[in-house]
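The values are calculated or read from the model by the stated rules, or taken from the named source; none is laboratory data. Computed from a prediction, not measured in an experiment: that's the story for all the values here. Cβ sites come from the backbone with ideal geometry, for glycine too, and all protein chains shown count toward neighbours.
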Amino acid sequence: MPQRQELTLGTALQAFQVLRLSAAVLASILLARSPVGIEAVGQFEAMLFAGTVAAFFWANGLLQGIIPRYAHLAEAERPVFLFQVFILFGLLSGLVCYAFWAGRLVLFPALTGFLPANGWNWFLVHLWVHLATLPLEHVYALHKRPCALLAWATVSFGGYVVAVALPAFAGWGILGSMKALAALGVLRLLWCVAALRNVVEVAWRPMFWPSYVRLSAPLVANLLVGQAIVLFDSWLVGWYYADETVFALYRYGSRELPLAQALASGLGTALTVRIAAEPVAGLAEMRRESTRLFHRVFPLSIALVFASPWLFQVLFGPPFEPAAALFRIYLLLTISRVLLPNTIVLACGNTSVLLKVGLSELGIKIATGFLFIHLWGLPGVAWSAVLSFFWEKVVLSWYVWKYSGITTSQWLNWPWFSFYSFALLLAWALVSLF
C-alpha cells in the first residue's frame, strides 16, 4: 500500500493563501449574482476598501515582525511574548475601529466619496475581530500545526463566503450580510481564545512591545508605501465620481492576475537567500526559474484577455460587463510582475533603495492618477497603475546594473520576455481596439 503523505507546513501555508484569495473572489461573484443590486455591491466594496485602509500598513508590518522576534527570545519568554502580540493587535484594531465609528460621517466619505451603508457598525465588529485574530495563523506556523492552520482557514474563509452570500440571496440585503459577518467574528474570536489556551502565558508584559515594534518599523514603512500605491486608486475613484455604481465597476475591474503576483513573490523570496550566498549561481537560477514563470503566467493572462468580454458577463452579470475593459488593462501588470530586480536588491542588502524607489513610484502614481482619470476616466486610472509599476522595475533594474554591475541579461531571458510581452500587448489591442 502507498504510504500516506503528511501535510507539510509549507503546503498548508500555500493552501491558506489560496483559500483566502478564492474566498474573496467567490464572495464577489456570488454577491454580484445576488438580487442586492450593483449599488449595494458598491456599498459593500466601499466598506471592504475602508477596512483595508484601516489595516493596510500597521497590521501586515507587525505580522511580519512576529517570527523574527519570536526566534530571538528564550524559550520561557515566547508564550508571554505571543500574548503581548495579541494584546497589542486587539488594542490597535480597537482604536482603529473606534476612529472609523466616531468619524463615520467624515472619515468614510473622505475615503470613498459617500456615506457608509446601514451595516457599517456591524462591519466594524467583524473588522475588529478580523484584525485582532490575525496573528493566529503565525502561531500555528510557529508551532508547526498545518492541520490546525487549514481548519482555521476553512472556518474563516469558508464562513466569509457564506456570511456574505447567504443573506444576500435570502433577501436580507447588505445589512444581513454585515450582521452575518459580525456573527462570524464572534465565532472566530471564540476559536482564537480556545486555540491560545495552552500556547500563550497570560501576563501583562508591555515591555515586549518596544523591541517588537522597532523590529517591525522598517517593514511597516515599506508596506505603507507599497499599499498606498494600491489603495490610492480606490480612493481616487471614490473621490472623483462619488457614485457607488462606478465604484463597484472599478473594484470589480481592477483585478490583475493574482497567480502572477503570488508565484513571483514566492520565487523572489526563495532566490533572495540563494543570490546572497552564491551570486553567480543564484542569478543563473533566477534567469532559469523566471523563464519557467513566464511560461506559466503569460499564456494564462493572454487567455484571460480574450475571454474577458464574456467572462465578466457570465461570472458577475451584465451590469458588470463594462468592468472587463479595466480588467484587460490590469492584466498588463503581468509584464512588470514577472521582473525580479527587487530580489537582487534585497540579496545585496540595499533595502533603503526599495523605499526610495517606492516613494518615487508613489509620486508618479498620484500625478498620473489625477491626470489620467481626468483625461480618460476609469481606464486612465488603470493605465496609471501599469505605468507606475513598470517604472519601479525599470529603475531597480538600472540601479542593479549601475551599482552592482549586474546586467539584465544575467537574470532575465530577454527573448522569451520580449515575445510574451508583445503577445500580451497584441492580445489587448486586438480585443480592446478592434
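Structural remarks
- For the condition assigned to a helix (DSSP H, G or I), closer than 30 Å to Pro318 by Cα and at pLDDT 75 or above, Leu231 qualifies.
- Summed over the stretch 57-79, the residues that are in contact (Cβ under 8 Å) with a residue 60 or more places away in the chain, hydrophobic (A, V, I, L, M, F, W, C) and surrounded by fewer than 18 Cβ atoms within 10 Å (Cβ to Cβ) give a count of 1.
- Some residue of the stretch 178-201 being among the acidic types (Asp, Glu) and within 19 Å of the chain's Cα centre (by Cα): no
- 1 or more residues within 29 Å of Glu39 (Cα to Cα), of a type in the set (Phe, Trp, Tyr) and at pLDDT 90 or above: qualifying helices (runs of 4 or more DSSP H) within the stretch 87-187: 120-132, 159-170
- Look at the stretch 398-410: where a residue is assigned by TED's automatic domain parsing to the domain that holds Arg288 and a partner is in a loop (DSSP other than H, G, I, E, B) and aliphatic (A, V, I, L, M), sitting 6+ places away or on another chain with Cβ atoms under 8 Å, you get Val400/Ile406.
- Residues in the stretch 345-375 that are basic (Lys, Arg) and either crowded, with 17+ Cβ neighbours inside 10 Å or outside any helix (DSSP H, G or I) (or both): Lys365 only.
- Residue check, Arg296 basic (Lys, Arg), free of Cβ contacts under 8 Å to residues at least 60 places away in the same chain and surrounded by fewer than 21 Cβ atoms within 10 Å (Cβ to Cβ): yes
- Selected residue (only one of Ala12, Ala54 is modelled with pLDDT under 80, closer than 25 Å to Val225 by Cα and touching a Cys at 6+ places or on another chain (Cβ under 8 Å)): Ala54
- Subset of the stretch 138-153 (residues that are in contact with a helix residue (DSSP H, G or I) (Cβ under 7 Å, 6 or more places away or on another chain), under 21 Å from Leu26 (Cβ atoms) and surrounded by fewer than 21 Cβ atoms within 10 Å (Cβ to Cβ)): Leu150
- Filtering the stretch 111-125 to residues that are within 23 Å of the chain's Cα centre (by Cα) and free of Cβ contacts under 8 Å to residues at least 60 places away in the same chain leaves only Leu124.
- Single residue of Ser308, Ser360 found to be farther than 27 Å from Ala40 by Cα and polar (S, T, N, Q): Ser360
- Answer residue from the stretch 309-327, given it is in a helix (DSSP H, G or I) and among the small types (Gly, Ala, Ser) and is surrounded by the fewest Cβ atoms within 10 Å (Cβ to Cβ) among those: Ala325
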